[in-house]
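The structure appears below as structure tokens.
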Amino acid sequence: MIDRILKYLFFHQVIKDSFFLTNAKNDGIAFGINFSESFLIIFYFIIALIILALIIWFIKLWTGGKHLAASLTLLVILGAGSNIIDRIKFGFVIDYINLHIWPVFNLADMMIVGGILIIIYIDVVKNSFSCGYRP
């Protein structure tokens with residue numbers, strides 16, 4: 001929800017550009033990388049399938065009592081959902097955090113990357129909860 005509000009404020013220029021905040025339109029994929037239109041159609045279809053799998057996984061984790069894993073999965077789902085709303089509504093994703101050493105990104109991107117990294121850390125490094133796969 002916070003990401004949606006920030007995107008609205010930047011898109012409508014209620015908040016002006018500053019050193020760390022920039023209104024950027026990302027018509028590529030992650031970090032502004034651009035590909036052909038046919039590749040993007042396939043890419044977005046795969047992303048939709050991944051999000052569907054994450055939703056199913058979230059429900060399985062939550063009902064299995066693994067609330068931390070479920071919450072982190074939900075973080076990824078909500079971040080992806082916010083960016084998908086932009087992509088459908090505008091044809092691009094609104095990015096606004098500019099560190100000048102990395103492509104411009106948004107809170108939803110942080111939710112996606114952060115959720116995935118914490119899941120990997122807890123499951124692989126700490127081995128605190130199982131995602132269901134063990135070699």
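Listed values, structure above:
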| quantity | calculated |
| --- | --- |
| Dipole of the chain, positive direction: furthest Cα of 84, 101, 12, with charges on the beta-carbon | 84 |
| The stretch 1-66: chymotrypsin sites (Phe, Trp or Tyr not before Pro) falling in loop per DSSP and having at most 12 other Cβ within 10 Å | 19, 20, 35 |
| Footprinting exposure proxy for 73, 63 (fewest neighbouring C-beta atoms within 10 Å first) | 63, 73 |
| Estimated vicinal HN-Hα couplings, Hz - the stretch 104-120 in sequence order (Karplus 6.51, -1.76, 1.60; Gly, Pro = x) | 4, 9, 9, 4, 4, 4, 5, 5, 5, 5, x, x, 5, 5, 5, 4, 4 |
| Footprinting exposure proxy for 119, 94, 50 (fewest neighbouring C-beta atoms within 10 Å first) | 50, 119, 94 |
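Quick note: the coordinates plus some simple rules give every number you see, no bench work behind them. Since we're looking at a predicted model, the values are computed, not measured. So basically every Cβ, Gly included, is an ideal-geometry build from the backbone, and we count neighbours across all protein chains shown.
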